[in-house]
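The structure's right below; bear with me while I get my questions together.
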């Protein structure tokens with residue numbers, strides 16, 4: 001995929017190529033995940049942005065299965081970390097040990113050194129262990145005993161977590177939540193979908209036969225291509241105003257960060273391309289806002305006492321922010 005020779009912008013052919021590759025990826029994942037096309041599409045948007053994904057829902061919904069299906073559909077190195085209360089930061093990042101054969105210290109890398117990392121039930125680990133992900137998620141590197149190691153690209157964390165009201169969970173710190181591009185919920189399938197799940201998994205799991213449909217180099221090329229998509233300044237300013245409105249909303253104790261503005265901008269750009277367009281509409285920004293912003297917002301005590309939730313308040317904010325119109 002090459003830039004348009006005159007402008008360097010994303011061409012219609014580039015858009016068609018991205019849509020084709022994304023379609024292959026969606027088809028692969030949906031061989032395993034039934035009736036959740038929109039969730040899979042949102043996950044692909046995050047992948048195209050090289051953004052991390054937080055899957056939050058009750059046990060047994062298919063969070064881990066979705067994460068594994070995405071990982072198997074990507075031709076990338078993959079590691080899974082099962083988070084538990086006794087997991088230590090060094091169990092994730094790796095350790096320096098004394099090699100008796102060479103008589104020198106050597107670094108034994110942990111499971112975090114991979115292109116796709118599944119952090120399963122991430123909120124079952126203690127805050128100290130959770131914080132081991134902070135540097136990796138933001139800077140794509142880890143530091144062990146003063147030595148910094150760059151992580152392979154692309155680097156994607158797909159984390160699953162149970163609702164925080166369940167036993168044995170620790171709330172993720174705000175700094176870590178802010179590093180996830182999107183938070184997704186699967187929800188229960190409908191009756192037909194649940195029956196189809198039973199049929200598909202009656203024999204050998206379809207997850208076993210999944211093969212990669214896109215490789216690491218291709219993901220990096222797609223991410224680079226998306227950065228060439230032209231966005232009208234009015235649309236960009238619309239995204240900024242939505243994020244700033246969350247900071248001015250009294251019902252939020254903490255509004256969204258500038259990192260959220262950047263995430264919303266990138267996610268809207270990817271959503272536009274997956275819709276087959278080489279331009280971004282206000283609807284792209286508005287559609288992606290709940291998935292990019294909700295997990296970054298903290299309700300005030302008064303809002304919690306009144307029984308309000310972040311989704312409802314953000315919907316009000318989106319209604320209030322003027323939508324840019326052509327001309």
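Which condition from (1) modelled with pLDDT under 85; (2) within 24 Å of residue 263 (Cβ to Cβ) is the one that residue 12 breaks?
Only one criterion in (1) modelled with pLDDT under 85; (2) within 24 Å of residue 263 (Cβ to Cβ) is unmet by residue 12, namely (2).
Might you check whether a residue that is over 25 Å from residue 260 (Cβ atoms), in a helix (DSSP H, G or I) and over 14 Å from the mean Cα position of the chain (by Cα) occurs anywhere in segment 93-114?
Within segment 93-114, one or more residues are over 25 Å from residue 260 (Cβ atoms), in a helix (DSSP H, G or I) and over 14 Å from the mean Cα position of the chain (by Cα).
Which of the following residues is within 25 Å of residue 66 (Cα to Cα), buried (at least 18 other Cβ atoms within 10 Å of the Cβ), under 23 Å from the mean Cα position of the chain (by Cα) and at pLDDT 90 or above: 181, 210? Let's see the steps before the verdict.
On the way: 210 fails: at pLDDT 90 or above.
Residue meeting the stated conditions: 181.
A follow-up question, please. Would you be able to say whether some residue in segment 83-101 is at pLDDT 85 or above and within 25 Å of residue 39 (Cα to Cα)?
Yes, there is a match, as at least one residue in segment 83-101 is at pLDDT 85 or above and within 25 Å of residue 39 (Cα to Cα).
Among the helices (runs of 4 or more DSSP H) lying completely within segment 271-327, list those that include at least 3 residues that are free of Cβ contacts under 8 Å to residues at least 24 places away in the same chain and surrounded by fewer than 18 Cβ atoms within 10 Å (Cβ to Cβ).
Per the criteria, 310-320.
Between 19, 15, 39, which is part of a helix (DSSP H, G or I), in contact with a strand residue (DSSP E or B) (Cβ under 6 Å, 6 or more places away or on another chain), more than 17 Å from residue 154 (Cβ to Cβ) and touching a residue at least 60 places away in the same chain (Cβ under 8 Å)?
Values: 19 fails: in contact with a strand residue (DSSP E or B) (Cβ under 6 Å, 6 or more places away or on another chain); 15 fails: in contact with a strand residue (DSSP E or B) (Cβ under 6 Å, 6 or more places away or on another chain).
From the options 19, 15, 39, the qualifying one is 39.
Quick test of your reading of the structure: residue 109 fulfils all but one of (1) at pLDDT 85 or above; (2) farther than 20 Å from residue 55 by Cβ. Name the failing condition by number.
So the condition that residue 109 fails would be (1).
Then there is this: Regarding residue 45, is this residue under 18 Å from the mean Cα position of the chain (by Cα), surrounded by 14 or more Cβ atoms within 10 Å (Cβ to Cβ) and under 26 Å from residue 296 (Cα atoms)?
So residue 45 passes the test.
What do you reckon, is residue 159 in contact with a strand residue (DSSP E or B) (Cβ under 9 Å, 6 or more places away or on another chain) and crowded, with 23+ Cβ neighbours inside 10 Å? Outline the logic, then answer.
On the way: in contact with a strand residue (DSSP E or B) (Cβ under 9 Å, 6 or more places away or on another chain): yes; crowded, with 23+ Cβ neighbours inside 10 Å: yes.
Criteria met by residue 159.
For residues that are part of a loop (DSSP other than H, G, I, E, B) and in contact (Cβ under 8 Å) with a residue 60 or more places away in the chain, scanning just segment 189-207, find the one that is surrounded by the fewest Cβ atoms within 10 Å (Cβ to Cβ).
So the first thing to find is which residues in segment 189-207 are part of a loop (DSSP other than H, G, I, E, B), and the list is 189-190, 201-207.
From what's left, in contact (Cβ under 8 Å) with a residue 60 or more places away in the chain: 189-190, 205-207.
Numbers: 189: 17, 190: 11, 205: 13, 206: 17, 207: 15.
Step by step, filter segment 189-207, then rank; the result is 190.
Can you tell me which residue in segment 134-155 is modelled with the highest pLDDT, limited to those that are surrounded by 14 or more Cβ atoms within 10 Å (Cβ to Cβ) and in a strand (DSSP E or B)?
142
Among the residues of segment 136-156, which ones are in contact with a strand residue (DSSP E or B) (Cβ under 8 Å, 6 or more places away or on another chain), without any contact (Cβ under 8 Å) to a residue 60 or more places away in the chain and under 13 Å from residue 52 (Cβ atoms)?
The answer is 136, 140, 151.
Looking at 34, 58, which one is at pLDDT below 85, closer than 25 Å to residue 198 by Cα and in a loop (DSSP other than H, G, I, E, B)?
Being at pLDDT below 85, closer than 25 Å to residue 198 by Cα and in a loop (DSSP other than H, G, I, E, B) holds for just one of 34, 58, which is 58.
Pick out the one residue from 259, 237, 241 that is over 21 Å from residue 22 (Cα atoms), out of contact with any strand residue (DSSP E or B) (no Cβ under 6 Å at 6 or more places or on another chain) and loosely packed, with under 14 Cβ neighbours inside 10 Å.
Result of the check over 259, 237, 241: 237.
Against the condition touching a residue at least 40 places away in the same chain (Cβ under 8 Å), more than 25 Å from residue 258 (Cβ to Cβ) and within 21 Å of the chain's Cα centre (by Cα), how does residue 186 come out, does it pass?
Taking the combined requirement at face value, the residue satisfies it.
The values are calculated or read from the model by the stated rules, or taken from the named source; none is laboratory data. From a predicted model like this one, the values you see are computed outputs, not experimental measurements. No Cβ is skipped: glycine too gets one built from the backbone with ideal geometry, and neighbour counts run over all protein chains shown.
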